[in-house]
Amino acid sequence: MFDSSLCDRPIPEHPFFIDWLRFEWLNKPLLIVLILLAFLGLGWVIYNTRWRRWFKSPKVIALLFVGTATLPLLVVFLAVKGLVVFLPPDPGTQTEAIVILGRGPLLERQRLDLAAELWQAKRAPLIFASGRGDADRMVEQLEKTGIPQRSLDGETCSLTTWENAIFTSAILQARGIRRILLITDSPHMLRSLLVYRANGFTVIPRTSGIPSFFYGKRGKAFLYLKEYPGLISYALRGLFDPQRSPQPDSPDLANLLRDAQQYGQLGIGTGER
């Protein structure tokens, strides 16, 4: 079993993480200032160069206005596509476990429904929930749907996506389980897929929905855009490189977590919702 002290660690702070309040603030005054500065700079360029006559054309002005108005939508569209275009399709084959990553109660219902649907379709005999503060609740909710307790398991120690992967591998790979269906929301899936592969799993991704009632368009854009610093952080720290899976009762697991906290390797993950 895991050393219980591993589950009592404080949630680490992440210098690259932008929470929702900061995102909302950035959406307003800073964005307005940047747009104004861009227009002032463009005006200066137009006034002081040989392009001044060309920019007096109503067609050019209309084109610039449309381009400026649609740029944020284009950025969000490309950000969304960049996180899902490389995800492999689900071939429909059987696996050894369905792994659900906790991301807080607001994103929970969709992934639980998907896990129950996959289990009932006999895609895997076991559902494994991962995440401190989430796993116990998810297992309890799945049991209420009629899934027997013997088909449910989980771990309640992980605080980040990277920890989701190493705790899951320490438990499941000790049982010979390496082929999994991985469930999380679409913004979070690419990073999760890469880090689970690095920890020795063959992964079939299944993305769960994001409830519009809670997030709306701007909230969904935030979830996608905040993943890019996480991907860069994980890549720079080598967390997508092949890892050696620690045993559940090995001191290697405690040492791994301690070293990661010491050098700031936890990155952006499950603990930052």
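Can you tell me which of (1) in contact (Cβ under 8 Å) with a residue 60 or more places away in the chain; (2) farther than 16 Å from Ile180 by Cα is the one Met138 doesn't meet?
Result: Met138 passes all but (1).
Identify the single condition in (1) open to solvent by less than 60 Å² (accessible area, probe 1.4 Å); (2) under 15 Å from the mean Cα position of the chain (by Cα); (3) on the phi < 0 side of the Ramachandran plot that Leu106 does not satisfy, given that it satisfies every other one.
For Leu106, the exception is condition (1).
Restricting to the stretch 141-184, name every residue that is open to solvent by less than 20 Å² (accessible area, probe 1.4 Å) and of a type in the set (Gly, Ala, Ser).
Ser151, Ser158, Ala165, Ser169, Ala170
Starting from the stretch 193-209, keep only residues that are in a loop (DSSP other than H, G, I, E, B), then list their pairs with residues that are open to solvent by 40 Å² or more (accessible area, probe 1.4 Å) whose Cβ atoms are within a distance under 8 Å, requiring at least 6 positions of separation or different chains.
Cβ pairs passing all conditions: Asn199/Gln243; Gly200/Arg178; Gly200/Pro242; Gly200/Gln243; Phe201/Arg178; Phe201/Arg179; Gly209/Gln110.
As an exercise: evaluate Thr93 against (1) surrounded by 14 or more Cβ atoms within 10 Å (Cβ to Cβ); (2) more than 22 Å from the chain's Cα centre (by Cα); (3) at pLDDT 65 or above and give the number of the one condition it does not meet.
(1)
Give me a count of the residues in the stretch 112-137 that are in a helix (DSSP H, G or I), out of contact with any helix residue (DSSP H, G or I) (no Cβ under 8 Å at 6 or more places or on another chain) and more than 16 Å from Glu155 (Cα to Cα).
Looking only at that region, the number is 5.
Applying the selection to the stretch 185-197, what residues are among the aliphatic types (A, V, I, L, M) and open to solvent by 10 Å² or more (accessible area, probe 1.4 Å)?
Selection gives Leu190, Leu194.
If I ask for residues that are in contact (Cβ under 8 Å) with a residue 40 or more places away in the chain and either open to solvent by 10 Å² or more (accessible area, probe 1.4 Å) or out of contact with any strand residue (DSSP E or B) (no Cβ under 7 Å at 6 or more places or on another chain) (or both), which ones from the stretch 125-135 would you list?
Within the stretch 125-135, Leu126, Arg132, Asp134 meet the criteria.
The values are calculated or read from the model by the stated rules, or taken from the named source; none is laboratory data. None of the values given here were measured: they were computed from a predicted structure. Counting neighbours? That spans all protein chains shown, and the Cβs are built from the backbone with ideal geometry, glycine included. Protein only, heavy atoms only, side chains kept; ligands, DNA and RNA dropped before computing areas. Shrake-Rupley method; radii C 1.70, N 1.55, O 1.52, S 1.80 Å.
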